[in-house]
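Engineer: One structure coming up, written as structure tokens, with questions to follow.
The values are calculated or read from the model by the stated rules, or taken from the named source; none is laboratory data. All values reported here derive from a predicted model rather than from experimental measurement. Because the Cβ atoms are built from the backbone with ideal geometry, glycine has one as well, and the counts that use them run over all protein chains shown. Accessible surface areas use protein heavy atoms only, side chains included; no ligands, DNA or RNA. Shrake-Rupley method; radii C 1.70, N 1.55, O 1.52, S 1.80 Å.
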Amino acid sequence: MDTIVSGMRPTGRLHLGHLHGALRNWVRLQKDYRCYFFVADWHALTTDYAAPQGVRQSGIEMVADWLAVGLDPERSVIFRQSAIKEHAELHLLLSMITPLGWLERNPTYKEQMREVEGKDLSTYGFLGYPVLQAADIVMYKANKVPVGIDQAPHVELTREIVRRFNQFYGAVFPEPDVLLTEMAKVPGLDGRKMSKSYNNAVFLTDAPKEIDQKLSRMMTDPARVTRKDPGEPEKCPAFNLHKIYCTPEEIDYVTKGCRTAGIGCLECKKIMIKHVIADLEPIRERRAALENRPGHVEEVLERGNRAAAQKAEETMTEVRTAVGL
Ligand code: TRP
Ligand code: SF4
């Protein structure tokens, strides 16, 4: 059986973007792979080092959402990165062999340096973000890394680091492949990328009434200024959710209705909203049940940490020998 590793930075409550961009896929992968899913809390510090107070609690809330969506601790190892100190050791060893140029050329790095405001990212840790990620991946000898396209360069860098490591020290690690998640696009309520920090997200734990209110005012094709103006679904942020949630007949009905101004945007969105509410209902119920089991998420993590530690110790014994320490 192949091994999969993937992580998420702890951002607290998860939203529809996480559900369709990663989680549903993770849940499916559990059947066919040995899976390691972890809270990338050290990665969170690469950008939030100045205000890390919420990281621990955000991680717990995030894992509660994972469980509510269907990640199963009986099948997958669910753990916290910072609990496994071997990640830090492997990160250090990999950093020795990683040329600076590879990191400076990394597109994600360049983009974030350009675009992130209000945080000083010219740190050693932030530059080394992908080296830490490489350590996360190879620690469990992953063959596949399920990520979205934005993370593909990091996995590519992991492959390059693995090749270099294996050249120097012998064939220790497999080269992991990207398992590209077919990402359904989920824009936020304002049409930008859905993100907690943009205040444009529908959270997995939102109550039906909240979901209805939020999506009822979600941005649509700006060409539909009045009810009489026809629109184009492909230019409508809300329609991305129709594409995920509606039946082919409904898609057909709203597409025609939109182009002919036969239906209004609210009527159109209501057709999609009922599906979103129905889809999130069982997630919300399981999440609420978890609220009544204080300490359960922590226990799940403890158990996962122990399983991860076992594999990590095994790998590091091999690594230390290979490197000659
Ligand atoms: N960089 C990833 C993200 O921002 C999170 C991450 C950290 C990760 N380590 C990883 C993903 C290892 C996959 C494998 O989404
Ligand atoms: Fe979007 Fe529907 Fe309005 Fe068309 S009618 S702009 S698809 S919400």
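Engineer: Take the residues of the range 234-244 that are crowded, with 19+ Cβ neighbours inside 10 Å and farther than 15 Å from GLU267 by Cα: which is nearest to ligand 1 (Cβ to nearest atom)? It would help to see each step written out before you state the result.
Structural biologist: At the first step, the residues of the range 234-244 found to be crowded, with 19+ Cβ neighbours inside 10 Å are 236-242.
Retained after the next criterion (residues that are farther than 15 Å from GLU267 by Cα): 237, 240.
Numbers: PRO237: 23, ASN240: 21 Å.
Once the filter is applied, the top-ranked residue is ASN240.
Engineer: Kindly indicate whether GLU302 is in the same structural domain as ILE84 (by TED's automatic domain parsing) and closer than 25 Å to LEU23 by Cα.
Structural biologist: On the way: in the same structural domain as ILE84 (by TED's automatic domain parsing): yes; closer than 25 Å to LEU23 by Cα: yes.
Yes: the conditions hold for GLU302.
Engineer: Right, something else. Tally the residues that are under 17 Å from GLY295 (Cα atoms) and either in contact with a Ser or Thr (Cβ under 6 Å, 6 or more places away or on another chain) or within 16 Å of ligand 1 (Cβ to nearest atom) (or both), restricting the search to the range 56-82.
Structural biologist: 9
Engineer: Has the range 8-20 got at least one residue that is more than 12 Å from ligand 1 (Cβ to nearest atom), open to solvent by 20 Å² or more (accessible area, probe 1.4 Å), touching an Asp or Glu at 6+ places or on another chain (Cβ under 9 Å) and modelled with pLDDT of 95 or more? Lay out the reasoning, then the answer.
Structural biologist: Here is the first cut: in the range 8-20, the residues more than 12 Å from ligand 1 (Cβ to nearest atom) are 12-16, 19-20.
Next, only the ones that are open to solvent by 20 Å² or more (accessible area, probe 1.4 Å) stay: 13, 20.
Within this subset, residues satisfying the condition of being touching an Asp or Glu at 6+ places or on another chain (Cβ under 9 Å) are 13.
Filter again for modelled with pLDDT of 95 or more, leaving none.
Within the range 8-20 (the criterion being more than 12 Å from ligand 1 (Cβ to nearest atom), open to solvent by 20 Å² or more (accessible area, probe 1.4 Å), touching an Asp or Glu at 6+ places or on another chain (Cβ under 9 Å) and modelled with pLDDT of 95 or more), the answer is no, since none of the residues qualifies.
Engineer: Residues being in a loop (DSSP other than H, G, I, E, B) and either within 26 Å of the chain's Cα centre (by Cα) or closer than 19 Å to ALA184 by Cα (or both): count how many of those fall in the range 234-283. Walk me through how you get there before you give the answer.
Structural biologist: Start the filter on the range 234-283 by keeping residues that are in a loop (DSSP other than H, G, I, E, B), which leaves 236-238, 246-247, 260-264.
From the residues that got through so far, the ones that are either within 26 Å of the chain's Cα centre (by Cα) or closer than 19 Å to ALA184 by Cα (or both) too are 236-238, 246-247.
Count: 5.
Engineer: Between residues in the range 1-12 that are under 17 Å from PRO130 (Cα atoms) and residues that are assigned to a loop (DSSP other than H, G, I, E, B) and modelled with pLDDT of 95 or more, which pairs lie under 7 Å by C-beta distance while being six or more apart or on different chains?
Structural biologist: Note: pairs meeting the criteria are VAL5/TYR140; VAL5/ALA142; GLY7/ALA40; MET8/ALA40; ARG9/ALA40.
Engineer: Residues that are of a type in the set (Lys, Arg) and open to solvent by 30 Å² or more (accessible area, probe 1.4 Å), at least 2 per element: which helices (runs of 4 or more DSSP H) completely within the range 126-233 meet that? Before you say what the answer is, go through the steps one by one.
Structural biologist: Working: elements: 129-139, 152-169, 208-216.
Answer list for the range 126-233: 152-169, 208-216.
Engineer: With of a type outside the set (D, E, K, R) and open to solvent by 10 Å² or more (accessible area, probe 1.4 Å) as the only criterion, which of LEU93, LEU71 stands out?
Structural biologist: Values: LEU71 fails: open to solvent by 10 Å² or more (accessible area, probe 1.4 Å).
On inspection, the qualifying residue turns out to be LEU93.
Engineer: Being among the acidic types (Asp, Glu), under 22 Å from GLY17 (Cα atoms), touching a residue at least 40 places away in the same chain (Cβ under 8 Å) and more than 16 Å from ligand 2 (Cβ to nearest atom) is true for just one of GLU281, GLU318. Which residue is that?
Structural biologist: Details: GLU318 fails: under 22 Å from GLY17 (Cα atoms).
On inspection, the qualifying residue turns out to be GLU281.
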